[in-house]
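A quick write-up on the structure given underneath.
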Amino acid sequence: MTTQTRTQEVIRAEITQLVEELYQVEHLPAPFVAGTTSVPYAGRVYDQDEIVALVDSSLDFWLTLGKHGKELEKQLAALVGTRYCLLVNSGSSANLLAFAALTSPLLGDRRIKPGDEVVTVAAGFPTTINPIIQYGCVPVFLDVDLKTANIDVSRLEEAITPKTKAIMVAHTLGNPYDIAAIKAVVEKYGLWWVEDNCDSLGSTFEGKNTGGFGHLATQSFYPPHHLTMGEGGAVFTNDPLLKRAVESLRDWGRDCWCPSGKDNTCCKRFGWQLGSLPEGYDHKYTYSHIGYNLKPLDLQAAIGLEQMKKLPAFTEARKRNWQTLRQALSQYEAVLDLPEATPGTDPSWFGFLFGVKQGASFKRLELVRYLEDAKIQTRMLFGGNLLRQPAYQGIQHRVVGDLTNTDRIMTDFLIVGVYPGIDGPRMDYIIRVIADFMASRGISPELPA
């Protein structure tokens, strides 16, 4: 070992020690004070390990995707149960790339083209449906089930026409939709299936992780999600052709698949003739798709690897918090619509969605204001009925049946948190504040039968 190497090791060790000390000074969570400390609906949960990993990675100054990204892709693919995982810079980009891949010329006659129809729902986050619209296709909206907030599959086949080419739906708030029903229709009609798993990492259907069922699946690593890289996401697939399309579209649309810093992986860098380019044109600058640059940084992947170690504990905390809330609020089922897991599933919950029943003596807004005044953060189910949002006025679309439950969720439902940062005292506080609200409205808890 050279003197220089020893010096590098000593310096890195000193930096690590200082980072760990800084975490103790700057980042330790403050004690919870009911009514004073905010209780977020979601947020990042981390300790000194993530900060050390980030700083250590930065010392190498390998900024683009590298060894950490490769390892994280490997671990995520193993977790979800797919052959391939490609990291991207956000869950929204993951949805964009997953859908864009289905428009790739590599798919021949099966590629999705403008005017084709894609079955989805309007209750959710915009970037599940945005790629459908952005690529000139027609979203076909089904209503959702009020208990699960997931797609109502009872009218799924009714939505299918000769123009239908795909189904692109999210598992709502960690609760998997009826995967068996979706799969049956996909196989019967030869459709593509994009599984938006952004809110559901660690959820299972019949013992298998969600994200491994569709032709393509997506994940988000934004701070409120099941694990975080700050910004970040991933696309999963088992299909080598779809993997090639996603990778190309992610990486500027290039035909070359060399990772950053590598040349001539194909061993014929100057031996290609594609399009009307001259023979031997550099494969690193040959483009087979009109693509993007949607890669994350290796620094982010270093954080993600530390988060992966904590994921089992995160998942158990989400399940425990959701069950605690569900049991506590069951005393108020006379006035509240409470959630249920889809049969055959074991959700890793993103949030606790519940509603104020029609005819109750109070409205959602009253409960929301009461909770927010008590420093308990709330959210809606994202965009509510997206067709009522300003951005979607006038888009080409179809609705099968009506969107009655979608509108109910938009007007009457809210979300409170179950993320791992909500410990026992915080959960007890949420329950107590809701009980106080009910008492202030003259509503007594009902004892279980």
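Just so it is clear, none of the values below were taken in a lab; they were calculated from the coordinates. A quick note: this is a predicted structure, and the numbers were derived from the prediction, not measured. Here the Cβ positions follow ideal geometry from the backbone for every residue, glycine too, while neighbour counts run over all protein chains shown.
Okay, here's what the table says:
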read-out: Efficiency of FRET between Tyr189 and Asp428 - r from beta-carbon atoms, R0 56 angstrom, step 0.05; value: 0.70
read-out: Two-site FRET efficiency, Lys268 against Asp109, from Cβ-Cβ distance with R₀ of 41 Å, rounded to 0.05; value: 0.90
read-out: Which of Cys85, Cys198 has the fewest Cβ neighbours within 10 Å, and the rest in rising order; value: Cys85, Cys198
read-out: Length released on extending from Asn293 to Asp56, taking residue separation times 0.36 nm less the Cα-Cα span; value: 82.8 nm
read-out: Share antiparallel - DSSP beta bridges, the chain, percent rounded to 5; value: 60 percent
read-out: Interchain or long-range residues, amide H under 5 Å from Lys375's placed H; value: none
read-out: Two-site label geometry, Phe32 and Lys70: point separation in nm, points 7 Å out along Cα→Cβ; value: 4.3 nm
read-out: Within the chain: Cβ-based charge dipole about Cα centre, in debye rounded to nearest 20 (Lys, Arg +1; Asp, Glu -1); value: 740 debye
read-out: Alpha carbon centroid spacing (whole Å) that separates region 12-33 from region 370-449; value: 35 Å
read-out: Region 312-440: equivalent-ellipsoid semi-axes (sqrt of 5 x gyration tensor eigenvalues, Cα, Å); value: 27, 19, 14
read-out: √(5λ) per eigenvalue of the Cα gyration tensor, the chain, largest first, Å; value: 39, 33, 16
read-out: Hypothetical label at Val10: residues of region 19-60 whose amide nitrogen lies under 19 Å (7 Å Cα-Cβ projection); value: 19
read-out: Rounded FRET efficiency, nearest 0.05, which uses the C-beta distance separating Glu21 from Glu158 and R0 of 41 Å; value: 0.10
